[in-house]
Amino acid sequence: MRARAVLAALTTALIGLVMVDQPAPVSAAVNAASSGELPVSWSAPLSTRGRHIVDADGNRFKLQSANWHGSSGTWTGSGDAEDPANNFAQETGHRAPLGLDRSPIDTLMLDFHSLGINSIRLPFSNEMIRDRRPITGLTANPRFNGLTPLQAYDLIVETLTKSGFAVILNNHTTTTRWCCGLDGNERWNSGQSTETFVDDWVFMAERYKDNKRVVGVDLRNEVRRDTWNNPNWGWGDGHDWAAAAQEAGERIQLEANPDLLIIIEGINWMGIPSDLFWHDRPHLKPVKDLSHTFPVSHKLVYAVHFYGYTGPQHTGATGPGETHDARYRELSRTDLFAEYDKAAGYVADTPDRHYTAPIWLSEFGVGKEATGQDKTWFANTVDWLIEHDANFAYWPMIGFQEDDKGNTWGLLRYSTTGAVRKVFDADDWRGPLWKRLITAKGSAGQVAPVRTWSQLRAEHRDHIASIRLRAAGDWDHGNRKAVCPDDQRLVGITHFDHYALCTDAGAANLWQSGPTTKVTSENVTEDWANGFTKYQCPTGQFMIGYALSGNAVSSVLCAPARLPLAGAGRTVWDDRYDNRPPSGEGGDWAIGNTEAQCESDEYAAGIAFSYRSGRRGTPDALYCRKLP
């Protein structure tokens, strides 16, 4: 976020979802016509095709968004929260989206539309869900007064979506206060359990599931180090953000709303901000090694934040916490683009990989009063967004001003009388750049389907991406299991660590209705791995998963196919070296392991292993057969 420091510990422990007892949502009586309702130009729900987000008709839906903050808190942590002096930039949100005390809601909608945006990122805090204190002080919209913060959030969501905007819910903070330094809101589970974090997400996704223009969930804002501990990506411990995001996404899809985009930010900061110690801003770099696969395919989006005053290894601080690393605004255009590409751009720009997904620059911004390097940085960032045809969300959409003084970052800045200064005002240097960004020509219309590659990793926990298998119960009790999504088939295994690769290439939705087969003994008509034990699917079936006991093969799971399967077979070994297609399709989906991978026109039909000659029953070979 906009913070000047990047280290943290979530401090307020919240009660579990079962104790969330809020009044029913309040219906919005918004005047759609007077608030500038958007024409019905897109159909929910949204999903993904490769690097792009598409609507229900398969048309490109580029997120051209802004952040409407306030429900996650503007209070800086001490003193009376209603006193402007105790709120960031003296902007008091009153525990509701900023500006409701200054301008009527219908006017706000008109102003939002004037910006050219189609979507809103709407931050909230976990505390907001349980806060029963009535809101006061929203003089321009008195019907909000007396509501709980959650009821006010309900009203805002309904108003925005009735006005035609897509809304993305964002869990910004745990406590209702300004973010993001050492503020007690550093991780999803600092000060609360991962279970509470996930339960709250199920609650929020369920709450808005009937509103189809609530299109996505941004799981957590700027995950970063607290005083003592770094977050990580894939270590399997209590600080593993990749695992927590996986759990949250799975439960949202399976228990609340399978239509939502699941948006995951990378790691915003690791290490101690000192020239004497290692420190880094990884962003989405770890996704190349470990990506996410959910039970409902084509819903994953990755997000990142870039601000000029921060840097690849710079916290953004001035004074304590500042290092001598370069800030983004100090980089040349060439170096800046290279850093952006390395930190995030490659995820969308590299096709046909397990990690290929849309990216969303869900925070970036600059003040009207900026000079020199900050102006250049913003112009270069706009150029990068246009060049990459990337999704974006400006921070913040709303700010306060009096006689054009105050926090000048907002695209819209309101005075106490409701007078508004806009980014398009003649004296705002940002206006031409913003207009160029929102009117830039990019990919539009129908987006052709692309083949999907999905990584499974069951090293620390089962990774069962199949909805059917989850409903059927534990098919190999006590052993670790990896199972592909229902619309994909398994095409890759590793010798160690229990990775797998799935795809829909060549034959999407290959699984026809019918029970699966668990194979735990050898029954083959051809000896495709002489001297090895072979677990092979019955004729007409294909592999969707496998289980390990420790590192040894326990079982192979097969599903009946909707196509006749009996193609020519070949043995692909992984016991000594990688054996992947030369095309690189799927990418290196288990870096540091030896992999066996079928071609895109094949399916996996079996696994071979052995306990002879010092072997330990690990997967040694994959049996690949041609698709019809």
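The values are calculated or read from the model by the stated rules, or taken from the named source; none is laboratory data. Predicted model only: the values in this text are computed from it and were never measured. Using ideal geometry, Cβ is built from the backbone for each residue, glycine included, and neighbour counts are taken over all protein chains shown. Accessible surface is based on the protein model in full, side chains and every heavy atom, while ligands, DNA and RNA are left aside. Shrake-Rupley method; radii C 1.70, N 1.55, O 1.52, S 1.80 Å.
Here are Glu127, Glu82: which of them is farther than 23 Å from Gln401 by Cβ and open to solvent by 10 Å² or more (accessible area, probe 1.4 Å)? Break it down stepwise before answering.
Numbers: Glu82 fails: farther than 23 Å from Gln401 by Cβ.
Answer to the check: Glu127.
Criterion first (among the hydrophobic types (A, V, I, L, M, F, W, C), open to solvent by less than 10 Å² (accessible area, probe 1.4 Å), more than 24 Å from Ser41 (Cβ to Cβ) and touching a Ser or Thr at 6+ places or on another chain (Cβ under 6 Å)) does Met109 satisfy it? For Met109, the condition - among the hydrophobic types (A, V, I, L, M, F, W, C), open to solvent by less than 10 Å² (accessible area, probe 1.4 Å), more than 24 Å from Ser41 (Cβ to Cβ) and touching a Ser or Thr at 6+ places or on another chain (Cβ under 6 Å) - is not met.
A quick yes/no check of all residues on (1) modelled with pLDDT under 95; (2) at negative phi; (3) part of a loop (DSSP other than H, G, I, E, B):
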| site | (1), (2), (3) |
| --- | --- |
| Ile264 | no, yes, no |
| Pro273 | yes, yes, yes |
| Ser291 | no, yes, yes |
| Phe294 | no, yes, yes |
| Tyr302 | no, yes, no |
| Gly308 | no, yes, yes |
| Pro312 | no, yes, yes |
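Close contacts from segment 527-543, counting a first residue that is of a type outside the set (Lys, Arg) and a second that is in a loop (DSSP other than H, G, I, E, B) and surrounded by fewer than 14 Cβ atoms within 10 Å (Cβ to Cβ), with Cβ to Cβ under 6 Å and a gap of 6+ residues or different chains, come to Thr533/Glu522.
Of all the residues in segment 382-426, those that are more than 20 Å from His69 (Cβ to Cβ) and in contact with a strand residue (DSSP E or B) (Cβ under 7 Å, 6 or more places away or on another chain) number 3. Across segment 591-604, the number of residues qualifying as closer than 18 Å to Ala552 by Cα and crowded, with 23+ Cβ neighbours inside 10 Å comes to 2. When restricted to residues that are of a type outside the set (Lys, Arg) and open to solvent by 10 Å² or more (accessible area, probe 1.4 Å), segment 155-172 contains 2. Within segment 175-187, the set of residues being within 19 Å of Ala244 (Cα to Cα) and either modelled with pLDDT of 95 or more or in contact with a Pro (Cβ under 9 Å, 6 or more places away or on another chain) (or both) comprises Glu186, Arg187. Taking the listed residues Ala303, Ala317, the one that is under 30 Å from Ser43 (Cβ atoms) and either in contact (Cβ under 8 Å) with a residue 60 or more places away in the chain or surrounded by fewer than 23 Cβ atoms within 10 Å (Cβ to Cβ) (or both) is Ala303, with no other qualifying. Apart from one condition, Cys558 fits all of (1) surrounded by 23 or more Cβ atoms within 10 Å (Cβ to Cβ); (2) modelled with pLDDT under 95; the exception is (2). Residues of segment 58-78 that are at pLDDT below 95, out of contact with any Asp or Glu (no Cβ under 8 Å at 6 or more places or on another chain) and open to solvent by 10 Å² or more (accessible area, probe 1.4 Å): Trp75, Thr76, Ser78. Screening segment 404-421 for residues that are surrounded by fewer than 21 Cβ atoms within 10 Å (Cβ to Cβ) and not in a loop (DSSP other than H, G, I, E, B) and picking the one that is modelled with the highest pLDDT gives Val420. In this structure, does Thr176 turn out to be open to solvent by 10 Å² or more (accessible area, probe 1.4 Å) and touching an Asp or Glu at 6+ places or on another chain (Cβ under 6 Å)? In short, yes. Criterion applied to Trp384, Trp395 was being out of contact with any helix residue (DSSP H, G or I) (no Cβ under 9 Å at 6 or more places or on another chain) and among the aromatic types (Phe, Trp, Tyr), and the one residue passing it is Trp395. Just one of the listed residues (Asn523, Asn509) is at positive phi and surrounded by fewer than 22 Cβ atoms within 10 Å (Cβ to Cβ), and it is Asn509.
Checking each residue of segment 385-403 against the condition of being over 26 Å from Leu110 (Cα atoms) and crowded, with 21+ Cβ neighbours inside 10 Å gives no match.
Answer with yes or no whether Tyr340 is surrounded by 17 or more Cβ atoms within 10 Å (Cβ to Cβ), of a type in the set (Ser, Thr, Tyr), touching a residue at least 12 places away in the same chain (Cβ under 8 Å) and not in a strand (DSSP E or B). Judged against the criteria, Tyr340 is a match. When Phe496, Phe424 are checked against the criterion of being over 30 Å from Glu595 (Cβ atoms), part of a loop (DSSP other than H, G, I, E, B) and of a type in the set (Phe, Trp, Tyr), Phe424 stands alone in meeting it.
Under the condition of being of a type in the set (Phe, Trp, Tyr) and open to solvent by less than 10 Å² (accessible area, probe 1.4 Å), which residue from segment 230-283 is nearest to Ala326 (Cα to Cα)? Residue satisfying both the conditions and the ranking: Trp269. With respect to the conditions (1) touching an Asp or Glu at 6+ places or on another chain (Cβ under 7 Å); (2) open to solvent by 30 Å² or more (accessible area, probe 1.4 Å), Glu585 lacks only one, and its number is (2).
Could you list all residues from segment 310-350 that are of a type outside the set (Gly, Ala, Ser) and touching a Gly at 6+ places or on another chain (Cβ under 6 Å)?
Step one: filter segment 310-350 for residues of a type outside the set (Gly, Ala, Ser), giving 310, 312-315, 318, 320, 322-325, 327-331, 333-337, 339-342, 346-347, 349-350.
Within segment 310-350, Thr310, Thr315, Asp325, Arg327, Tyr328, Arg329 meet the criteria.
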